[in-house]
Amino acid sequence: MKVLIVYYSMYGHVQRMANAVAEGVAEVKGAEAVLRRVPETLPAEVLEKMGAVAAQKAQENVPVCTIEELGAADAVIFGTPTRYGNMCGQMRQFLDATGQLWLSGAMVGKVGSVFTSSATQHGGQESTLLSSHITLLHLGMVIVGLPYAFQGQMTNDEITGCSPYGASTIAGGKGERMPSENELAGARFQGRHVAQIAMKLSV
Ligand SMILES: Cc1cc2nc3c(=O)[nH]c(=O)nc-3n(C[C@H](O)[C@H](O)[C@H](O)COP(=O)(O)O)c2cc1C
């Protein structure tokens with residue numbers, strides 16, 4: 001069973017979370033984690049101005065996802081940074097190219113799940129996750145979040161991402177904060193949980 005983890009990450013935060021999601025998927029017997037990036041849409045000079053060149057280079061080894069791979073997956077976990085309280089344009093563009101999958105019903109009944117990263121604690125993680133779910137519902141996917149069984153989302157002992165809607169991390173205004181152990185544990189939980197449910201649905 002193939003669980004596709006498809007993400008965009010400008011500075012590496014979502015990528016770090018994606019790796020943890022993949023670790024969680026791999027914990028489930030019979031589930032294979034397939035890690036992919038969505039295509040870049042910004043010109044090289046804009047990426048340079050945004051200080052994203054090094055982080056992009058570090059992801060060159062991750063293959064770019066095709067629409068066919070999306071259609072072939074048994075479950076899909078999407079990772080996107082928060083942009084103005086919403087998914088990033090790169091992910092939007094990728095999803096807006098799925099008309100054929102919608103038309104053929106290829107995604108109907110497959111598990112779909114989302115995780116994110118934002119600069120600030122209240123900068124729109126939940127709105128990004130929930131608004132991303134709308135697209136997955138239009139494709140006919142079965143939405144899976146991050147249940148409270150992942151108790152790390154209940155803690156008040158530290159500032160942390162993660163909510164019932166999905167795993168998340170707080171990157172900081174300058175991207176100076178990388179995902180914490182608690183947030184990575186949430187990402188692993190989400191990967192494992194999605195794979196387990198997809199496995200049950202495939203019976
Ligand atoms: C155009 C733009 C819009 C953004 N909008 C938000 C926002 O609404 N809320 C927030 O907290 N962070 C916002 N950010 C910060 C990103 O969410 C942050 O850079 C990202 O989570 C880092 O993850 P990455 O390294 O995987 O790209 C924005 C960044 C850019 C470039």
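The values are calculated or read from the model by the stated rules, or taken from the named source; none is laboratory data. Remember, predicted model here, so these are calculated numbers, not experimental data. With ideal geometry, Cβ positions are generated from the backbone for all residues, glycine too; neighbour counts draw on all protein chains shown. Keep in mind that these areas ignore ligands, DNA and RNA; they rest on the heavy atoms of the full protein, side chains included. Shrake-Rupley method; radii C 1.70, N 1.55, O 1.52, S 1.80 Å.
Quick check: at a probe of 1.4 Å, how many percent of the accessible area of the chain sits on carbon and sulfur atoms?
Numbers: 5310 of 9480 Å².
Exposed carbon and sulfur together represent 56 percent of the surface.
For the chain, compute Rh as the Kirkwood radius over C-alpha pairs and then the Stokes-Einstein diffusion coefficient at 4 °C and 1.567 mPa s; write the answer in µm²/s, rounded to an integer. Provide the component values of the computation, followed by the final result.
Numbers: Rh = 16.6 Å.
Answer, rounded: 78 µm²/s.
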For this session: Express in whole angstrom the spacing between the alpha-carbon centres of the stretch 153-203 and the stretch 1-59.
Result: 15 Å
For this session: Write down the percent of antiparallel bridges among all DSSP beta bridges whose residues are both part of the chain, to the nearest 5.
Result: 10 percent
Problem set entry | Estimated distance in nm for a label pair at H138 and I197, the labels positioned 7 Å out from Cα along Cα-to-Cβ | 2.1 nm
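For K29 and M178, what is the calculated FRET efficiency with R₀ set at 30 Å and r taken between the beta-carbons, to the nearest 0.05? Can you show the working numbers first?
Values: r = 30 Å, r/R0 = 1.00.
Computed FRET efficiency for K29 and M178 comes out at 0.50.
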Exercise. So who's got an amide H within less than 5 Å of the one on R83, skipping anything under 5 residues away but keeping other chains? H placed 1.01 Å off N, in plane.
Worked result: C88
For this session: Can you spot the lysines whose alpha carbon is less than 23 Å from K2's alpha carbon? Ignore those fewer than 8 places along the same chain.
Result: K29, K110, K200
Seminar exercise, completed: Which residues qualify? For V111, with a placed amide H closer than 5 Å and at least 5 residues away or on another chain, they are V76, V142
Seminar exercise, completed: Sorted by chain and then number, the residues having a modelled amide H within less than 5 Å of the amide H of V34, at least 5 places away or on another chain, are V3, L4, I5
Exercise. Can you give the extra length, in nm with one decimal, that the chain gains between D96 and T120 once fully stretched, where that is 0.36 nm per residue apart less the Cα-Cα distance?
Worked result: 5.9 nm
For this session: With a cut-off of at most 16 other beta carbons within 10 Å, and DSSP calling the residue loop, which chymotrypsin sites (Phe, Trp or Tyr not before Pro) in the stretch 38-131 qualify? Please list them.
Result: Y84
Seminar exercise, completed: Note to self: with every protein chain in place and a 1.4 Å probe, the chain gives an accessible area per residue in Å² of 47 Å²
For this session: Report the paramagnetic label zone for I67: residues of the stretch 103-120 whose backbone N is under 11 Å from a point 7 Å from Cα along the Cα-to-Cβ axis.
Result: 103-104
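Which order do the peptides 103-111, 14-22 come out in when sorted by mean C-beta neighbours inside 10 angstrom, highest first?
Details: 103-111: 14.9, 14-22: 24.9.
For the peptides 103-111, 14-22, the packing ranking is 14-22, 103-111.
Loop only per DSSP, at most 15 neighbouring Cβ atoms within 10 Å: give me the trypsin sites (Lys or Arg not before Pro) in the stretch 127-203, ordered by residue number. Could you put the intermediate results ahead of the total?
On the way: sites: K174, R177, R188, R192, K200; in loops: K174, R177.
Hits after loop and neighbour filter: K174.
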